[in-house]
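Peer 1: Dumping the structure here so I can ask a few things about it.
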There are 2 protein chains.
Amino acid sequence: MTDLDEMAIRPATEEDLPAIVAMLADDPLGATRESPDGLTPYIAAFKHLADAPHQHVVVAVRGDHVVGTLQLTVVPGLSRKGATRSIIEGVRVHADERGRGLGTRLIQWAVDRSLRENCQLVQLTSDATRTDAHRFYERLGFTASHVGFKLSL
Amino acid sequence: MTDLDEMAIRPATEEDLPAIVAMLADDPLGATRESPDGLTPYIAAFKHLADAPHQHVVVAVRGDHVVGTLQLTVVPGLSRKGATRSIIEGVRVHADERGRGLGTRLIQWAVDRSLRENCQLVQLTSDATRTDAHRFYERLGFTASHVGFKLSL
């Protein structure tokens, strides 16, 4: 039995938020834009997510420990013959768990869930500086076919 | 009074689908993946979109003519202190209308709507081959900060 066999992926609850936010902040980019000591905005956002049937925020847990997270959004659309796509955001693996296959398990969960929701396409954007992440997604079969544009409001 | 003064942007209806799909297909990439002669899958997809409060499919109309379209999806999230973001997909301007500022008007509509929905970020991906589109988005203030990955299911 490997370490990963003891791991489960389940829907996140409000009680998981401190651990999720700590992971979001423990990251070169996240460190500059998260506030792990002030959970109020995260709790408010989580209520919106929990109410939305097309939103899936999950955590990977080992025993009582939250060790990974991602958000999957299911988006119907007209293009590509009315294809439904899914969008992955906020992928994080706890620092103690990196390099052991947990990221792959999380993305595989997202792909399986997308298939169950009849999606024809899974997509995500990754900051141009995250070159290790880019290799990771390409190993999993994703194609870096697009440029991702953002506008802060 | 300019041409654009006579144009309006409004929510799409099912009656707009033939014109929307014709625009999706009249495109180097869309030509290979759309089916303007078979509207059934688009009608099914439109019903999902019309029912979803966080989905906004709009058309630009001049008189009785549909001359542009885009889809805006509002996505709450945990990262960036619980930021809500919006995602733009399926931007199309009718071939007869290109170069007259309609694309800018459509994106400006999406930005305004995103502000009204309390989004902190607007994002989109553009195929790496659409270099004219990339310059267009950069002129509008977007930053090409990310790599967009896709996985067909």
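The values are calculated or read from the model by the stated rules, or taken from the named source; none is laboratory data. Just so it is clear, the model here is predicted, and its values are computed rather than measured. Positions of Cβ are backbone-derived with ideal geometry, glycine not excepted, and every protein chain shown enters the neighbour counts. Ligands, DNA and RNA are stripped out before the accessible areas are found, and what is left, the full protein with its side chains, is counted by its heavy atoms. Shrake-Rupley method; radii C 1.70, N 1.55, O 1.52, S 1.80 Å.
Peer 1: If I go through the range A:117-132 residue by residue, how many of them are outside any strand (DSSP E or B) and either without any contact (Cβ under 8 Å) to a residue 24 or more places away in the chain or among the charged types (D, E, K, R) (or both)?
Peer 2: Counting residues in the range A:117-132 that are outside any strand (DSSP E or B) and either without any contact (Cβ under 8 Å) to a residue 24 or more places away in the chain or among the charged types (D, E, K, R) (or both) gives 5.
Peer 1: Hand me the list of strands (runs of 3 or more DSSP E) wholly inside the range B:1-116 holding 1 or more residues that are open to solvent by 70 Å² or more (accessible area, probe 1.4 Å) and more than 11 Å from every other protein chain (Cβ to nearest Cβ). Explain how you work it out, then say what you get.
Peer 2: Details: elements: B:7-11, B:55-62, B:65-75, B:85-93.
Ranges flagged: B:7-11, B:65-75.
Peer 1: Closer than 30 Å to A:ALA25 by Cβ and not aliphatic (A, V, I, L, M): is that true of B:LYS47 in this structure?
Peer 2: On the way: closer than 30 Å to A:ALA25 by Cβ: no; not aliphatic (A, V, I, L, M): yes.
No.
Peer 1: For the range B:140-152, which residues satisfy the criterion of being surrounded by fewer than 18 Cβ atoms within 10 Å (Cβ to Cβ) and in contact with a Lys or Arg (Cβ under 8 Å, 6 or more places away or on another chain)?
Peer 2: Hits for the range B:140-152 are B:THR143, B:SER145.
Peer 1: Take the residues in the range A:117-139 that are surrounded by fewer than 15 Cβ atoms within 10 Å (Cβ to Cβ) and over 20 Å from A:VAL75 (Cα atoms), then tell me which one is nearest to the other protein chains (Cβ to nearest Cβ).
Peer 2: A:ALA128
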